[in-house]
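Contents: one structure, followed by commentary.
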Amino acid sequence: MSHSAIIAGGSIGGLFAATLLRRAGWEVTVLERSDTELSGRGAGIVTHDALNRLIAAAGATTDDLGVHVEDRVAFAIDDGVVIRRRMPQVVTSWDRVHSLLRALMPEGAYRLGVNVADYADRGDRVAVRTAAGETIEADLLVGADGFRSAVRGQMLPQVQPVYSGYVVWRALAAEAELSPEVRAGVFPHFGMFVPTGTQIVGYPIAGPGNDLRPGHRRYNFVWYVPTPPAALDDMLTDAEGRRHAISIPPPLVRDDVVAAGLDLADRILPPAFREILRKSERPFFTPIYDHLSPVMGQGRVALAGDAACVARPHVGMGVTKAACDAEALVRHLGEAPVVQALTAYSAERQPAARQAMQIAQLLGGMIHQAPAGGLNADGRSNPNAETLLRNTAVVPAPEGLVPVG
């Protein structure tokens, strides 16, 4: 007997759920609110063994997935090396992973421009109503529609994103545009700058079209900047005076907000990172939030990925967490009827989501910690530098942070 599923959200988490369900014999329809194909603006992703395994399990290739980096390096304010550790890893882009999974969806199974308005769990089936008034029924609804999930909003209206107190500025710089010194000393590594009060993470990713040739790649720049709520309100207000809730589309970030960010960078960042930022495409910012759903399955409705939990990007687990959610969901659906399967799925994945969120909060909190008797403005005396180097963008161990020393 065939089963059917509706996936709300056509981002990477929704595509993992869709492709794995299809391989298990389910009929799947993905409803994506955007009316154009999604693009992550080349945002970087750090891969993990679990992510690589599940890309292959979905039916895609992991050949030429991204750029191999060997070392993690913490830099000082003068571009000097504070710590260097060998930690091989493959770094890729959001667009690369999304395009691999999107290509697996057959014609008609992935519908653009369809916004989920609400749903009705009828016990034996679940009915989804779209914003256009269409009703679609299936055996299962998976809410994979991001941290502003409409599905979660109905299931768990009390779960709201909570602002962390800081934002992340992101930018991409073309390798060919960088100076020979930066290309040799910074570009090849998973780099960090960890003074008190701010933090940089950066690494090389493929160029447009997954171009992995040296000289054609890009540098993924990530900069965490504490921002009081009042300042955030101003940053989320566009040039027309509209205050955007939660986040603002990158093209609508005001020019003076971008200019203020660049001016701050000129005052407090090392020369290499200042150059990378100045030679990047137009930077944009995203406020950092936390949220965690107490359950990830209710009746015939499941939550997955950012719809269920947002862990701050320090753990680099957003895409991998969504993939692992999808794998667990499909596994449990293969072992029990839908309602019982979702109960088991929630019992397995909600604690994992909680741990990722808590580890990310610990790492985020280290941005503000100063060494005894100093401010660590130069990035040379951060008491947590080794911890940050070894735990950023690493799958959390069962016991929590990887010990150092």
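The values are calculated or read from the model by the stated rules, or taken from the named source; none is laboratory data. Only a predicted model underlies this, so the values are computations on that prediction, with no experimental measurement involved. Here the Cβ positions follow ideal geometry from the backbone for every residue, glycine too, while neighbour counts run over all protein chains shown.
Results, tabulated for the structure shown:
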read-out: Check on Leu51, closer than 20 Å to Pro313 by Cα and in contact (Cβ under 8 Å) with a residue 40 or more places away in the chain; value: yes
read-out: Qualifying residue in segment 69-85 (condition: outside any loop (DSSP other than H, G, I, E, B), under 19 Å from the mean Cα position of the chain (by Cα) and at pLDDT 95 or above); value: no
read-out: Residues that are surrounded by fewer than 21 Cβ atoms within 10 Å (Cβ to Cβ) and over 16 Å from the mean Cα position of the chain (by Cα), drawn from segment 386-398; value: Glu386, Thr387, Arg390, Ala397, Pro398
read-out: Answer residue from segment 115-172, given it is touching a strand residue (DSSP E or B) at 6+ places or on another chain (Cβ under 8 Å) and of a type in the set (Asp, Glu) and is nearest to Thr92 (Cα to Cα) among those; value: Asp145
read-out: Residue within segment 63-74 that is over 23 Å from Asn210 (Cα atoms), outside the structural domain of Ile136 (by TED's automatic domain parsing), surrounded by 18 or more Cβ atoms within 10 Å (Cβ to Cβ) and touching a helix residue (DSSP H, G or I) at 6+ places or on another chain (Cβ under 7 Å) present; value: yes
read-out: Filter result (within 13 Å of Phe284 (Cβ to Cβ) and charged (D, E, K, R)) within segment 221-273; value: Asp238, Arg254, Asp255
read-out: Residue, nearest to Met87 (Cα to Cα), within segment 190-217, restricted to residues that are among the small types (Gly, Ala, Ser) and assigned to a loop (DSSP other than H, G, I, E, B); value: Ala206
read-out: Test: residue in segment 234-242 that is more than 30 Å from Asp139 (Cβ to Cβ), of a type in the set (Gly, Ala, Ser) and at pLDDT below 95; value: no
read-out: Residue in segment 157-178 that is without any contact (Cβ under 8 Å) to a residue 60 or more places away in the chain and either of a type in the set (Phe, Trp, Tyr) or within 30 Å of Trp223 (Cβ to Cβ) (or both) present; value: yes
read-out: Inter-residue pairs, beta-carbon under 7 Å, first of a type in the set (Val, Ile, Thr) and in segment 294-319, second in a loop (DSSP other than H, G, I, E, B), 6+ apart; value: Val310/Phe147; Val310/Pro161; Val315/Ala393; Val315/Pro396
read-out: Positions within segment 122-138 being hydrophobic (A, V, I, L, M, F, W, C), in contact (Cβ under 8 Å) with a residue 12 or more places away in the chain and under 16 Å from Val338 (Cβ atoms), in sequence order; value: Val126, Val128, Ala138
read-out: Residue tally, condition more than 22 Å from His98 (Cα to Cα), of a type in the set (Gly, Ala, Ser) and surrounded by 24 or more Cβ atoms within 10 Å (Cβ to Cβ), over segment 317-341; value: 0
read-out: Strands (runs of 3 or more DSSP E) enclosed by segment 90-156 - at least 3 residues per element that are within 22 Å of the chain's Cα centre (by Cα), of a type outside the set (A, V, I, L, M) and farther than 23 Å from Met296 by Cα; value: none
read-out: Selected residue (only one of Arg274, Arg282 is among the basic types (Lys, Arg), loosely packed, with under 15 Cβ neighbours inside 10 Å and outside the structural domain of Gln340 (by TED's automatic domain parsing)); value: Arg282
read-out: For Ala344: the one exception among (1) surrounded by fewer than 17 Cβ atoms within 10 Å (Cβ to Cβ); (2) not assigned by TED's automatic domain parsing to the domain that holds Ile200; value: (1)
read-out: Residues satisfying the stated conditions in segment 15-67, i.e. among the charged types (D, E, K, R), within 18 Å of the chain's Cα centre (by Cα) and under 22 Å from Gly202 (Cβ atoms); value: Arg41
read-out: Scope segment 38-68; condition in a strand (DSSP E or B) and modelled with pLDDT of 95 or more; matching residues; value: Val67, His68
